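The values are calculated or read from the model by the stated rules, or taken from the named source; none is laboratory data. Just so it is clear, the model here is predicted, and its values are computed rather than measured. As a convention, Cβ positions derive from the backbone with ideal geometry for all residues, glycine included, and neighbour counts pool all protein chains shown.
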Amino acid sequence: MQQVRTLKELAEFVGGKVSGDGSVKISNAATLSQAVKGDITFLANKKYENQLLTTSASAVVVDREVESCTNLIISDDPYFAFREIVVLLHGHRKHKKTGISPKASVAETASIGKGCDIHDFATVYDGAKIGNNCVLYPGAFVGENTTIGDNCILYPNAVVFDNCVIGNRVIIQANASVGEDGFGFATHKGQHHKIPQIGRVILEDDVEIGASSGIERGTLDDTIIGKGTKVGDMVAIGHGTKIGAGCLIVPLVGIAGSVTVGNYCIFGGQSGIVGHIKIGNMVRIGAKAGVINDVADGKEMLGVPAIDSNKARRAYALIETLPEMYKRIKDLEKKLKKATDKTS
Amino acid sequence: MQQVRTLKELAEFVGGKVSGDGSVKISNAATLSQAVKGDITFLANKKYENQLLTTSASAVVVDREVESCTNLIISDDPYFAFREIVVLLHGHRKHKKTGISPKASVAETASIGKGCDIHDFATVYDGAKIGNNCVLYPGAFVGENTTIGDNCILYPNAVVFDNCVIGNRVIIQANASVGEDGFGFATHKGQHHKIPQIGRVILEDDVEIGASSGIERGTLDDTIIGKGTKVGDMVAIGHGTKIGAGCLIVPLVGIAGSVTVGNYCIFGGQSGIVGHIKIGNMVRIGAKAGVINDVADGKEMLGVPAIDSNKARRAYALIETLPEMYKRIKDLEKKLKKATDKTS
Amino acid sequence: MQQVRTLKELAEFVGGKVSGDGSVKISNAATLSQAVKGDITFLANKKYENQLLTTSASAVVVDREVESCTNLIISDDPYFAFREIVVLLHGHRKHKKTGISPKASVAETASIGKGCDIHDFATVYDGAKIGNNCVLYPGAFVGENTTIGDNCILYPNAVVFDNCVIGNRVIIQANASVGEDGFGFATHKGQHHKIPQIGRVILEDDVEIGASSGIERGTLDDTIIGKGTKVGDMVAIGHGTKIGAGCLIVPLVGIAGSVTVGNYCIFGGQSGIVGHIKIGNMVRIGAKAGVINDVADGKEMLGVPAIDSNKARRAYALIETLPEMYKRIKDLEKKLKKATDKTS
């Protein structure tokens, strides 16, 4: 299944330059520490740079001529060039070809595009429309009147509820839920009454939703995740929240309801955003941060409650000095008292 | 499917008072910012009140006569009144009628009440009892000897393990697990040995469990979630924990094992509670708080470790001043030294 | 189904000593507070010790002769002894015997060992190898070419992706995902491009993965969870991370990618570990801690960012004094100014 290419061929493929022997044969991509003969690798993190002097890899993709014991491909965007090489050598996952399995459950009024694989035990309910070349793994569920575009993948037990709209090339990982009811209750005389959640979830093109994540449908208006935004595992997105394009939201993040997030924002692990606020474009939220106010474009936020990350790094690093600070204040008080007693 | 009513009819239905034109026709519920002609809306948050002057909505539900460019329903409990109107106009989700599907897996010794829909690929194991009018979506699983009351909904891939007891009108969202083994191991000579988890999970009437949440069964005694408590997505409840009635537990909360929680408590997002403690009634735990001690009735807690929330708000807001405080202490020390050197 | 034994028989079974009446009959294990006649219990937490004077239990397992109103088994390792008794009296969960159900989906080229129960709606794909005596509950999924050892249990809707390697006696809880794509994207001209995730997940013998957890497969090298490590519910493990043997990782923990964790580490609830760092052996990470640097063997870490836990306990306890500290600094400044004004 794996392809073999010369280093020269790979360099041409990614528009890079060979430094060293372009004729070496490459058949596999590996990490810098594990790469052996026949492997190509890249420098993931500056702190591993000295490994370039001892690596057994046949080639490394880098961003400039560097000291190394092996051959290099020099590329302006080495990580993306490496990614292109991994795709060439290994390809993406090949999905089992099942066609529309007779052991799937497809409603008569559902419409399924060309080239789809609807696996055993997958379900597509009434009025749902699936585009071309989609894959629904076992246990995947598509509810009534939901629309799914072309080239989408629903991994095992991924659930998309009714009346949602999923774009093209969307990937929904195993056990994720899209369009479950939002956490919306009206409390009256001590009882919490469910408000029908009549909004939808809209996932635009190229969105990916991680394993066991939950994207609540809106109470009244839609929950929207913008084009190309990637959501990690166990992420909770609240009802009616609108997330822009190209965001990266890593595992265990929680974004409450009615939040607006701009484009190209990054959310660190276990960060949380309260409801009804506005996050600008290109915002970076640090791991574990707790954001409780609007955030302007381009800001980087950290801490609980979140503040500017530069301020936060200095401030939070001082928490461990609190016992010392406390003592120094007490000492100062004593000394000052002594001094003033003396002078009075 | 949607109903049309006059504003007067809606006001009568919810016991409210019309201010303006009672004859306008209402067919849809919408958010304040998105509402158009024919829509009714409500004021979710005071900060949006100025939108009442410009909204295109045909009516707004409010709690008192307010300045507005449109018609009003005035109600003592506007949020609940609005909810009643949403139910009237839109209704709750209609579930596909399948009866007991021949493609479901129902054990011979299981008992299924009247009017149930057991969808394709749902499983009910031996000795399980399902009440009347329940819906089990595809992939839902009910283990041996578990009892489920009337009018319950198990959404796709919801799992209820063996020997659990589920009340009436309970909703278990997609991919949630109820009754999996607790995290209970006895470590002996460096090995962690599983303790059979012989307790059950009891979900009382009107409980809702969110998508991808996990409610561990008890090691010896039962894990209990009280009447009307609503649990959000990706919430972890530990073995043997007892939660009272009417609590609201939002996404990504973790409550460890053997905790006792009173009635009508609210847990903010990503908050956590250590094991073996007691939380009183009407307690509010702030988002991201970490509670490590018992909490008395009516308290509001915030921070890690959690303290009284008023104290916490003042204290945590000062974290960002730590570099300045540190510097001021140093300055004081210098100045005091200089002053005392001079006077000595 | 429950067994009945005399206390003497139980003491002999666990190598303990009876204090009191060895002839009492024991048929059930229970918690100290709920135990009644016929029950055996144990002391889970010192703070409950006074309950030994009033318990209705027929026996308690303890680690030394203590004052009590009932019979005792004295054991060097009372928790493990109690666990052995629970196993004897109650046994582990009995799984429904289904053989390879004709309603399961097993690929022709998959191999299934002896004594397996592959339930309705479980799926085993091409080239997968399942060992002996495994149980795959409904909705469980095993991808292409994945290998599973002997005596494993995949609970309902547990998903193991393609090309993974699962050891013996591994338990994967309901709705968990093992081997989903890591969060690996190369961003190029504002687009996030998926990097084929060609690494695998390896779960060594006796690993348990909690409900709704997600174990990402490696981008290039494997994600590995070592022998006997137990992972709780909704835990996220990043791509390429290697976790040693005998660790305990409780619910809602997030460990990012390319992390190395030693043996016998304990991760408290909602703790998080950034990528590309190294955690030693026997490390304890406190609940909610955020670890951003390497941690040496045997350390206990707490706080965000995490520091030595003794330091952290003292320091974080002082956060609530910040308003007071702030005021005292201001007072000092005033008094010092007054004093120096006077003396100058």
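Tabulated results
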item: Residues of region A:4-32 classified as part of a loop (DSSP other than H, G, I, E, B), surrounded by 15 or more Cβ atoms within 10 Å (Cβ to Cβ) and within 14 Å of another protein chain (Cβ to nearest Cβ), total; result: 5
item: Matching residues, region B:185-218, being within 17 Å of C:Leu248 (Cα to Cα) and among the β-branched types (Val, Ile, Thr); result: B:Thr187, B:Ile195
item: Selected residue (criterion: nearest to the other protein chains (Cβ to nearest Cβ)) from residues of region B:186-207 that are closer than 30 Å to A:His193 by Cβ and part of a loop (DSSP other than H, G, I, E, B); result: B:Asp206
item: Qualifying residues in region C:249-283 (those that are β-branched (Val, Ile, Thr), assigned to a loop (DSSP other than H, G, I, E, B) and away from chain B (no Cβ under 11 Å)) - the one nearest to A:Val253 (Cα to Cα); result: C:Val274
item: Pick from region B:248-270, criterion more than 13 Å from the chain's Cα centre (by Cα) and on the phi < 0 side of the Ramachandran plot, ranking: surrounded by the fewest Cβ atoms within 10 Å (Cβ to Cβ); result: B:Thr260
item: Which listed residue, of A:Gly228, A:Gly232, A:Gly214, is crowded, with 24+ Cβ neighbours inside 10 Å and more than 24 Å from C:Ala176 (Cβ to Cβ); result: A:Gly228
item: Within region C:286-302, tally of residues that are assigned to a loop (DSSP other than H, G, I, E, B) and facing another protein chain (nearest Cβ under 7 Å); result: 2
item: Residue count for region A:89-104, restricted to those that are among the aliphatic types (A, V, I, L, M), crowded, with 18+ Cβ neighbours inside 10 Å and outside any loop (DSSP other than H, G, I, E, B); result: 1
item: Residue within region A:174-185 that is without any contact (Cβ under 8 Å) to a residue 24 or more places away in the chain, in a loop (DSSP other than H, G, I, E, B) and facing chain B (nearest Cβ under 10 Å) present; result: no
item: Count - residues of region A:95-115 that are touching a residue at least 24 places away in the same chain (Cβ under 8 Å) and over 20 Å from B:Ala122 (Cβ atoms); result: 2
item: Residue satisfying condition, being out of contact with any Gly (no Cβ under 8 Å at 6 or more places or on another chain) and crowded, with 21+ Cβ neighbours inside 10 Å, within set A:Leu322, A:Leu318, A:Leu302; result: A:Leu322
item: Residue in region C:183-199 that is closer than 25 Å to C:Ile266 by Cα and touching a strand residue (DSSP E or B) at 6+ places or on another chain (Cβ under 6 Å) present; result: no
item: Selected residue (criterion: farthest from C:Leu89 (Cα to Cα)) from residues of region C:12-52 that are in contact with an Asp or Glu (Cβ under 7 Å, 6 or more places away or on another chain) and polar (S, T, N, Q); result: C:Ser19
item: Options C:Gly149, C:Gly99, C:Gly182: the member that is among the small types (Gly, Ala, Ser), out of contact with any helix residue (DSSP H, G or I) (no Cβ under 7 Å at 6 or more places or on another chain) and modelled with pLDDT under 95; result: C:Gly182
item: Unique residue being touching a residue at least 12 places away in the same chain (Cβ under 8 Å) and at the interface with another protein chain (Cβ under 10 Å from one of its Cβ atoms) when the list is A:Ile118, A:Ile171, A:Ile130; result: A:Ile171
item: Filtered residue count, region B:120-151, keeping only those that are within 26 Å of the chain's Cα centre (by Cα) and buried (at least 24 other Cβ atoms within 10 Å of the Cβ); result: 13
item: Sole residue being in contact (Cβ under 8 Å) with a residue 12 or more places away in the chain and more than 9 Å from chain A (Cβ to nearest Cβ), chosen from B:Gly246, B:Gly226, B:Gly210, B:Gly232; result: B:Gly226
item: Count - residues of region B:305-344 that are assigned to a loop (DSSP other than H, G, I, E, B) and either closer than 14 Å to C:Leu332 by Cβ or more than 7 Å from every other protein chain (Cβ to nearest Cβ) (or both); result: 2
item: Enumeration of residues in region B:148-168 that are in a loop (DSSP other than H, G, I, E, B), of a type outside the set (Asp, Glu) and either in contact (Cβ under 8 Å) with a residue 60 or more places away in the chain or farther than 17 Å from C:Arg93 by Cβ (or both); result: B:Gly149, B:Asn151, B:Cys152, B:Tyr155, B:Pro156, B:Asn157, B:Ala158, B:Gly167, B:Asn168
item: Flag for B:Leu154 being within 12 Å of chain C (Cβ to nearest Cβ) and within 25 Å of C:Ile209 (Cα to Cα); result: yes
item: Condition check for B:Pro196: assigned by TED's automatic domain parsing to the domain that holds B:Gly167, without any contact (Cβ under 8 Å) to a residue 60 or more places away in the chain and crowded, with 24+ Cβ neighbours inside 10 Å; result: no
item: Test set (1) crowded, with 18+ Cβ neighbours inside 10 Å; (2) at pLDDT 95 or above; (3) closer than 16 Å to C:Ile198 by Cα - A:Phe42 fails condition number; result: (2)
